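A.B. asks: Sharing a structure with you now.
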Amino acid sequence: IAARHIHDTVSGVDGLDEQSQKKVNFYTRQYIDALSPSNFAMTNPEVFRETVKSHGQNLLKGLNNLLRDVEDGGGNLRVKMTDTTAFELGKNVATTPGKVVFETEMMQLVQYTPSTDKVLKKPLLIVPPWINKFYILDLREKNSYIKWCVDQGHTVFVISWVNPDERLAAKSFEAYVKDGVLAALDAIEEQTGEKEVNAAGYCLGGTLLATTLAYLAAKRQKRIASATFFTTMTDFTEPGELGVFIDEGQVSSLEKKMFERGYLEGSEMAGTFSMLRSNDLIWSFVVNNYLMGKDPFPFDLLYWNSDSTRMPATMHSFYLRTMYMENRLIEPGGIEIDGTPIDLTKIKVPCYFISAIEDHIAPWKSTYMGARLPSGKTKFVLGGSGHIAGIVNPPAANKYGYWINPAAKLPETGETWFEGAQQSPGSWWTDWQAWVTGHDAAQTDPRDPAKGKLKVLEDAPGSFVKARVDAKVAA
């Protein structure tokens, strides 16, 4: 009742513009969440009982946990969400067998070992975001999208982005197109002999993929036969709660810090995302670690979540201003890549957009607006849950379900689309597989990455993904 009263009082202030109103609502909610009685020892019955039972040992252990987290954060509090020592890349997460077969300054290209007698002729290139690491799609064997695709007969290639430092401060969005996606396409063609691939991009990786597709369209080059977009925004008209952090004042302040050191520190981005779900990603751990005095539970998803990445200053400044603030990607010629105007309406390849109904990072109605930009045949699918669980939803789990609208053309608004949508049980993965093979199901012999034309550099998942930004601070 008190929380609702505070929020209603503050949010009811007259005379605020829309952006200020959103900020007031957001930060009032942060304040209310912080003051919750459960966050204090004397007003949390569970903590109170534990304090009496252990004669205060929980608070002593909690203080030690707090001091450890401040030390590990280099003077800043970095709340520990999971036991990071319980996981090792290549051992119990990111374990799908494969090889790194190509490398640039910007990325490593991982090719996975086939597991079927025949494979689809067209390889599959996955373009993950560089805001976090690709192994969200390869956490464990039972929920690995990468492993599942390999088992469906795809020759899977994944870009593993570099975790940049000050030496890459001048790297632009254009560099991610040219030295990332385009370089990967060249390497895949050399390795497999295939001029065209099926491509999939996740979140910001999808924004990059769409930009690359428009670039190829302008060059009249067909190198991508079909494109899949996981929770991808290309129209930033309604950016959701992330928009609270993006205005001239905040971006200018962020740019000043970024250009001084050459990059955006990964922990700052992680902190922003945690604030979007503060009760789940901040306060629950404050209670567990500092008041109850418990160690965080080993959890692969939270291990990945804490494995944050930096971003080059030049690229991130361009992304925030050009995409979020000015929304120029939806304008024909609004941005240029290597002197080539980008026009998303020129994309004619078949496109599959999968979004998540509870996504707070890329709201589905915003991703839907972007799905209407390509001029080719586009399918929009709405999955259950949020930004991660809605995508990492293996068929064996039989969870969430997904919605499809059978109309031949996408209606003007997401609301109209949803009114005519039908829900199906299970995972969208099987629907996507039928969609991909429905365009081309030609097969060929399996491609062993160790026997291709490209030299094997190291085993999957590669060294780029193992670079942790917190290791340096903790040392």
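The values are calculated or read from the model by the stated rules, or taken from the named source; none is laboratory data. None of the values given here were measured: they were computed from a predicted structure. Reconstructed Cβ throughout: ideal geometry from the backbone, glycine too, with neighbour counts over all protein chains shown. To get the accessible areas, we keep the full protein, side chains included, count just its heavy atoms, and leave off ligands, DNA and RNA. Shrake-Rupley method; radii C 1.70, N 1.55, O 1.52, S 1.80 Å.
A.B. asks: How many residues does the range 357-405 hold that are hydrophobic (A, V, I, L, M, F, W, C), open to solvent by less than 30 Å² (accessible area, probe 1.4 Å) and within 22 Å of residue 327 (Cβ to Cβ)?
C.D. replies: 5
A.B. asks: Same structure, new question: Can you name every residue in the range 281-308 that is open to solvent by 40 Å² or more (accessible area, probe 1.4 Å), of a type outside the set (A, V, I, L, M), over 17 Å from residue 35 (Cβ atoms) and out of contact with any Ser or Thr (no Cβ under 7 Å at 6 or more places or on another chain)?
C.D. replies: 288, 294, 295, 305
A.B. asks: Going through the range 184-198 one residue at a time, which ones are in contact with a Leu (Cβ under 8 Å, 6 or more places away or on another chain) and surrounded by fewer than 20 Cβ atoms within 10 Å (Cβ to Cβ)?
C.D. replies: If the condition is that a residue be in contact with a Leu (Cβ under 8 Å, 6 or more places away or on another chain) and surrounded by fewer than 20 Cβ atoms within 10 Å (Cβ to Cβ), then 190 is the only one that fits.
A.B. asks: Looking only at residues that are among the hydrophobic types (A, V, I, L, M, F, W, C) and outside any helix (DSSP H, G or I) in the range 1-24, which one is most open to solvent (accessible area, probe 1.4 Å)?
C.D. replies: Ranking the candidates gives 1 first.
A.B. asks: Only one of these conditions is not met by residue 429: (1) touching a helix residue (DSSP H, G or I) at 6+ places or on another chain (Cβ under 8 Å); (2) open to solvent by 40 Å² or more (accessible area, probe 1.4 Å); (3) modelled with pLDDT of 95 or more; (4) closer than 22 Å to residue 156 by Cβ. Which number is it?
C.D. replies: Condition not satisfied by residue 429: (2).
A.B. asks: Test each condition in (1) farther than 23 Å from residue 335 by Cα; (2) touching a Gly at 6+ places or on another chain (Cβ under 8 Å) for residue 208 and report the one that comes out false.
C.D. replies: For residue 208, the failing item is (1).
A.B. asks: Can you pull out every residue in the range 159-170 that is within 17 Å of residue 258 (Cα to Cα) and surrounded by 22 or more Cβ atoms within 10 Å (Cβ to Cβ)?
C.D. replies: Across the range 159-170, the qualifying residue is only 164.
A.B. asks: Go over the candidates 228, 232, 237 one by one and state the one that is open to solvent by 40 Å² or more (accessible area, probe 1.4 Å), on the phi < 0 side of the Ramachandran plot and β-branched (Val, Ile, Thr).
C.D. replies: Just one listed residue meets the conditions, 237.
A.B. asks: I would also like to ask the following. When the range 310-338 is examined, which residues are found to be among the hydrophobic types (A, V, I, L, M, F, W, C) and under 15 Å from residue 174 (Cβ atoms)?
C.D. replies: 311, 313, 315, 318, 323, 329, 335, 337
A.B. asks: Filter the range 406-421 down to the residues that are surrounded by 13 or more Cβ atoms within 10 Å (Cβ to Cβ) and not hydrophobic (A, V, I, L, M, F, W, C), then identify the one that is farthest from residue 376 (Cα to Cα).
C.D. replies: 416
A.B. asks: Only residues in the range 357-380 that are free of Cβ contacts under 8 Å to residues at least 24 places away in the same chain count as the first member; pair them with residues that are open to solvent by less than 30 Å² (accessible area, probe 1.4 Å), Cβ under 8 angstrom, at least 6 apart or cross-chain, and list the lot.
C.D. replies: The qualifying pairs do not exist here.
A.B. asks: A further question on this structure: Count, please, the residues in the range 25-51 that happen to be open to solvent by 70 Å² or more (accessible area, probe 1.4 Å), under 19 Å from residue 290 (Cβ atoms) and of a type outside the set (Ser, Thr, Tyr).
C.D. replies: 8
A.B. asks: Next up: From the list 418, 353, which one is under 21 Å from the mean Cα position of the chain (by Cα) and at pLDDT 95 or above?
C.D. replies: Testing whether each residue is under 21 Å from the mean Cα position of the chain (by Cα) and at pLDDT 95 or above leaves just 353.
A.B. asks: So which of 58, 92 ends up being within 24 Å of residue 306 (Cβ to Cβ) and open to solvent by 60 Å² or more (accessible area, probe 1.4 Å)?
C.D. replies: Just a single option satisfies the conditions, and that option is 92.
A.B. asks: Could we say that residue 455 is assigned to a loop (DSSP other than H, G, I, E, B), touching a strand residue (DSSP E or B) at 6+ places or on another chain (Cβ under 8 Å) and surrounded by fewer than 19 Cβ atoms within 10 Å (Cβ to Cβ) here?
C.D. replies: The answer is yes for residue 455.
A.B. asks: Looking only at residues in the range 133-149 that are touching a Ser or Thr at 6+ places or on another chain (Cβ under 7 Å) and surrounded by fewer than 24 Cβ atoms within 10 Å (Cβ to Cβ), which one is nearest to residue 190 (Cα to Cα)?
C.D. replies: Filtering the range 133-149 for residues that are touching a Ser or Thr at 6+ places or on another chain (Cβ under 7 Å) and surrounded by fewer than 24 Cβ atoms within 10 Å (Cβ to Cβ), the one nearest to residue 190 (Cα to Cα) comes out as 147.
A.B. asks: Mind checking which residues of the range 65-96 are part of a helix (DSSP H, G or I), over 17 Å from residue 267 (Cβ atoms) and without any contact (Cβ under 8 Å) to a residue 24 or more places away in the chain?
C.D. replies: Of everything in the range 65-96, those that are part of a helix (DSSP H, G or I), over 17 Å from residue 267 (Cβ atoms) and without any contact (Cβ under 8 Å) to a residue 24 or more places away in the chain turn out to be 67, 85.
A.B. asks: While we're here: For the condition in contact with a strand residue (DSSP E or B) (Cβ under 7 Å, 6 or more places away or on another chain), within 18 Å of residue 343 (Cβ to Cβ) and of a type in the set (A, V, I, L, M, F, W, C), what is the one hit in 224, 188?
C.D. replies: Result: 224 is the single residue among 224, 188 that is in contact with a strand residue (DSSP E or B) (Cβ under 7 Å, 6 or more places away or on another chain), within 18 Å of residue 343 (Cβ to Cβ) and of a type in the set (A, V, I, L, M, F, W, C).
A.B. asks: Mind listing whichever residues of the range 238-264 are in a helix (DSSP H, G or I) and within 24 Å of residue 28 (Cβ to Cβ)?
C.D. replies: Within the range 238-264, 240, 241, 242, 243, 244, 245, 248, 249, 250, 251, 253, 254 qualify.
A.B. asks: Within the range 375-384, is there a residue that is in a loop (DSSP other than H, G, I, E, B), touching a helix residue (DSSP H, G or I) at 6+ places or on another chain (Cβ under 9 Å) and among the aliphatic types (A, V, I, L, M)?
C.D. replies: no
A.B. asks: Mind listing just one residue for me: the one in the range 97-117 that is open to solvent by 10 Å² or more (accessible area, probe 1.4 Å) and in a loop (DSSP other than H, G, I, E, B) and, of those, farthest from residue 150 (Cα to Cα)?
C.D. replies: Here the answer is 105.
A.B. asks: Of all residues in the range 273-298, count the ones that are over 19 Å from residue 46 (Cα atoms), touching a helix residue (DSSP H, G or I) at 6+ places or on another chain (Cβ under 6 Å) and either among the charged types (D, E, K, R) or in a helix (DSSP H, G or I) (or both).
C.D. replies: 4
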